[in-house]
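Below you'll find the structure, written out as structure tokens, and then a few comments.
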Amino acid sequence: MTDVSQRPLVIQTANPTNYYEVISAPRDMQRTQIDATLYLPANPKGRVPAIIVVPGSLGIAPSHVRHAQTFVELGMAACVIDPFGRRGVTS
């Protein structure tokens, strides 16, 4: 990416075992962290809107990074979330 600042992020989240746990017992969920990368225009003038890029069932693909690049070129920030990496999930 050209004229882009990249910043790694760590997001606190959880691993629910089922839908009930998400809705009725969120404190019982196993806590974990996932990674993300925040892409910012290199020289933003003040605050910029942000887009969250969430990959599908195959994880992060080059197309997700290209989408982030497109948003940054339009003057927005883009956060690409990696929900699989730290969890050891490939698909």
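The values are calculated or read from the model by the stated rules, or taken from the named source; none is laboratory data. Please read these numbers as outputs of a predicted model, since none were measured by experiment. We place every Cβ from the backbone using ideal geometry, glycine too, and count neighbours over all the protein chains shown. Note: areas computed on protein heavy atoms with side chains; ligands, DNA, RNA excluded. Shrake-Rupley method; radii C 1.70, N 1.55, O 1.52, S 1.80 Å.
Points worth noting:
- Reported count of residues in region 2-13, each being modelled with pLDDT under 95 and loosely packed, with under 14 Cβ neighbours inside 10 Å, is 4.
- Of everything in region 18-50 that is among the polar types (S, T, N, Q) and out of contact with any Leu (no Cβ under 9 Å at 6 or more places or on another chain), the residue that is surrounded by the fewest Cβ atoms within 10 Å (Cβ to Cβ) is N43.
- Residue pairs meeting the criteria (Cβ under 8 Å; at least 6 apart or on separate chains; first over 20 Å from F84 (Cβ atoms), in region 21-40; second part of a helix (DSSP H, G or I) and open to solvent by less than 30 Å² (accessible area, probe 1.4 Å)): D28/E21; L40/V72
- Members of region 51-63 that are surrounded by 12 or more Cβ atoms within 10 Å (Cβ to Cβ) and either among the charged types (D, E, K, R) or modelled with pLDDT under 95 (or both): V54, P55, G59, I60
- Sole exception among (1) over 12 Å from V80 (Cα atoms); (2) surrounded by 12 or more Cβ atoms within 10 Å (Cβ to Cβ) for Q69, by number: (1)
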